[in-house]
């Protein structure tokens, strides 16, 4: 199937394979991983994983990072992560077969990374709070927003001059509502973790301490009744 000059079917065929899908899902944490770890995540052997990774690199979905004798793979561009998150939002849920799986799913739903920005309940709350308190409007940063983000050491004008979109919405996989993606939300996650408001755990999990929520409210300039948890 083609939409205008875009071959949607070619992209769908690449993503439809369970092994490639599993490896791409692991890479949604925004980090680079070796082929062996990706093979383990997909429950396949190294030769099969190498063949799948070669296809994903050839399609421009993954980049290869060479460090000495070792090769690591990472998502090549944010649009790949956005497409995966959007597909997850309409995909049927897999059955939960253990308490461990259930606990992990709850943690991911609460706060996680979507490539390099905040997602889950925390990401949706941040999206809503930034709009409610006037830092962003539609897909643009307001003058108060430029000042607020500057207080975190984020140069909005510098980000605006980059090739990546400054701000856009991304349909959240678990919440079925938008969170914010783009260069600014990526910079925000870095600022939050640098200040200790949030901590990135293994995989995609993000942990936010009660003090982190308080600091977010203070930064937004809203009271205890603010729509930030």
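The values are calculated or read from the model by the stated rules, or taken from the named source; none is laboratory data. None of the values given here were measured: they were computed from a predicted structure. Methodologically, a virtual Cβ is constructed for each residue, glycine included, from the backbone with ideal geometry; neighbour enumeration extends over all protein chains shown.
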**Lone qualifier among 123, 134, 153 - being under 13 Å from the mean Cα position of the chain (by Cα) and closer than 19 Å to residue 221 by Cα** = 123
**Item:** Criterion violated by residue 189 - all others in (1) crowded, with 19+ Cβ neighbours inside 10 Å; (2) under 17 Å from the mean Cα position of the chain (by Cα); (3) over 22 Å from residue 24 (Cβ atoms); (4) at pLDDT 95 or above satisfied
**Value:** (3)
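Rundown of residues vs (1) modelled with pLDDT under 95; (2) under 27 Å from residue 69 (Cβ atoms); (3) in contact with a helix residue (DSSP H, G or I) (Cβ under 8 Å, 6 or more places away or on another chain), yes/no style:
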{"position": "6", "(1), (2), (3)": "yes, no, no"}
{"position": "11", "(1), (2), (3)": "yes, no, yes"}
{"position": "14", "(1), (2), (3)": "yes, no, yes"}
{"position": "17", "(1), (2), (3)": "yes, no, yes"}
{"position": "32", "(1), (2), (3)": "yes, yes, no"}
{"position": "38", "(1), (2), (3)": "no, yes, yes"}
{"position": "52", "(1), (2), (3)": "no, yes, yes"}
**Request:** Need at least 1 residues that are over 22 Å from residue 193 (Cα atoms) and modelled with pLDDT of 90 or more per element, so show me which strands (runs of 3 or more DSSP E) inside the range 58-150 make the cut, counting only ones lying wholly within it.
**Result:** 62-67, 70-75
**Unique residue being under 21 Å from residue 202 (Cα atoms), surrounded by 17 or more Cβ atoms within 10 Å (Cβ to Cβ) and outside the structural domain of residue 184 (by TED's automatic domain parsing) when the list is 82, 113** = 82
**Prompt:** Would it be correct to say that residue 72 is within 30 Å of residue 191 (Cβ to Cβ), touching a residue at least 24 places away in the same chain (Cβ under 8 Å) and surrounded by fewer than 21 Cβ atoms within 10 Å (Cβ to Cβ)?
**Reply:** yes
**Request:** Could you please let me know if residue 93 is more than 24 Å from residue 200 (Cα to Cα) and either within 18 Å of the chain's Cα centre (by Cα) or free of Cβ contacts under 8 Å to residues at least 40 places away in the same chain (or both)?
**Result:** yes
**Asked** Looking at this structure, is residue 180 part of a strand (DSSP E or B), within 14 Å of the chain's Cα centre (by Cα), in the same structural domain as residue 213 (by TED's automatic domain parsing) and buried (at least 16 other Cβ atoms within 10 Å of the Cβ)?
**Response** yes
**Fill in**
Scanning the range 34-57 residue by residue, those surrounded by 14 or more Cβ atoms within 10 Å (Cβ to Cβ) and assigned to a loop (DSSP other than H, G, I, E, B) turn out to be 44
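Based on this model, can you work out whether residue 211 counts as in contact (Cβ under 8 Å) with a residue 60 or more places away in the chain and part of a helix (DSSP H, G or I)?
no
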